[in-house]
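Undergrad: Let me begin by handing over the structure; questions about it come next.
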Amino acid sequence: DEPEASALAGASDWIDECFGAERAAEMIALLEGHANPDARAAAAVIRRRNPLSVCVALQAVRNARQMTEVSEVFDQDRRLATSFMANPDDFVEGVRAKLVDKDQNPQWSYARIEDVDPAVVISRFAV
């Protein structure tokens with residue numbers, strides 16, 4: 001017997017199409033403009049996240065594709081953690097919005113993914 005296809009496997013067309021974009025701004029535009037409601041729902045979830053973190057996370061995944069050893073990925077993660085803790089404004093803002101004031105309305109350093117400077121994203125990996 002063949003196992004049933006998973007919901008994720010059934011969604012692979014739009015997932016591959018949208019998440020295959022090299023930059024987060026392109027990815028979010030593809031998701032928001034996609035005919036599939038699950039793609040648009042994914043975009044809505046991503047829009048609620050920290051724009052800089054979304055861009056850095058996507059770049060980290062793209063970088064990891066080229067890495068051959070798990071130690072390289074761990075090193076990248078360590079550098080990112082160091083970078084974000086050296087510049088903790090958005091982390092502090094997220095804690096404030098979620099845990100302190102509980103207003104669920106963080107005011108990130110970048111209002112939208114499209115506003116994030118690609119040079120800032122790359123600089124987060126240089127620590």
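Undergrad: Return the residues of region 96-125 that are within 18 Å of the chain's Cα centre (by Cα), free of Cβ contacts under 8 Å to residues at least 12 places away in the same chain and either farther than 19 Å from Leu58 by Cβ or assigned to a loop (DSSP other than H, G, I, E, B) (or both); say none if nothing qualifies.
TA: If the condition is that a residue be within 18 Å of the chain's Cα centre (by Cα), free of Cβ contacts under 8 Å to residues at least 12 places away in the same chain and either farther than 19 Å from Leu58 by Cβ or assigned to a loop (DSSP other than H, G, I, E, B) (or both), then Asp117 is the only one that fits.
Undergrad: Specify which of the listed residues (Glu93, Glu17, Glu26) is part of a helix (DSSP H, G or I), over 19 Å from Phe125 (Cβ atoms), touching a Phe, Trp or Tyr at 6+ places or on another chain (Cβ under 8 Å) and not hydrophobic (A, V, I, L, M, F, W, C). Spell out the reasoning first.
TA: Values: Glu17 fails: touching a Phe, Trp or Tyr at 6+ places or on another chain (Cβ under 8 Å); Glu26 fails: touching a Phe, Trp or Tyr at 6+ places or on another chain (Cβ under 8 Å).
Of the residues listed, the single one that is part of a helix (DSSP H, G or I), over 19 Å from Phe125 (Cβ atoms), touching a Phe, Trp or Tyr at 6+ places or on another chain (Cβ under 8 Å) and not hydrophobic (A, V, I, L, M, F, W, C) is Glu93.
Undergrad: If I filter region 29-46 down to residues being in a helix (DSSP H, G or I) and in contact with a Lys or Arg (Cβ under 8 Å, 6 or more places away or on another chain), which single residue comes out as nearest to Ala57 (Cα to Cα)?
TA: If we take residues in region 29-46 being in a helix (DSSP H, G or I) and in contact with a Lys or Arg (Cβ under 8 Å, 6 or more places away or on another chain), then Leu31 is nearest to Ala57 (Cα to Cα).
Undergrad: Given the conditions (1) at pLDDT below 95; (2) surrounded by 11 or more Cβ atoms within 10 Å (Cβ to Cβ), report the number of the one that Glu2 does not fulfil.
TA: Looking at each condition in turn, Glu2 falls short on (2).
Undergrad: In region 32-49, what count of residues is obtained for those that are more than 13 Å from the chain's Cα centre (by Cα) and not basic (Lys, Arg)?
TA: 9
Undergrad: If you don't mind, there's one more thing I want to ask. In the list Leu52, Leu30, which residue meets the criterion of being modelled with pLDDT of 95 or more and open to solvent by less than 40 Å² (accessible area, probe 1.4 Å)? I'd like the intermediate steps shown before the answer.
TA: Values: Leu30 fails: open to solvent by less than 40 Å² (accessible area, probe 1.4 Å).
Sole residue among the options that is modelled with pLDDT of 95 or more and open to solvent by less than 40 Å² (accessible area, probe 1.4 Å): Leu52.
The values are calculated or read from the model by the stated rules, or taken from the named source; none is laboratory data. Bear in mind the structure is a predicted one, so any value in this text is a computation, not a measurement. So basically every Cβ, Gly included, is an ideal-geometry build from the backbone, and we count neighbours across all protein chains shown. The area values use the complete protein model at the heavy-atom level, side chains included, leaving out ligands, DNA and RNA. Shrake-Rupley method; radii C 1.70, N 1.55, O 1.52, S 1.80 Å.
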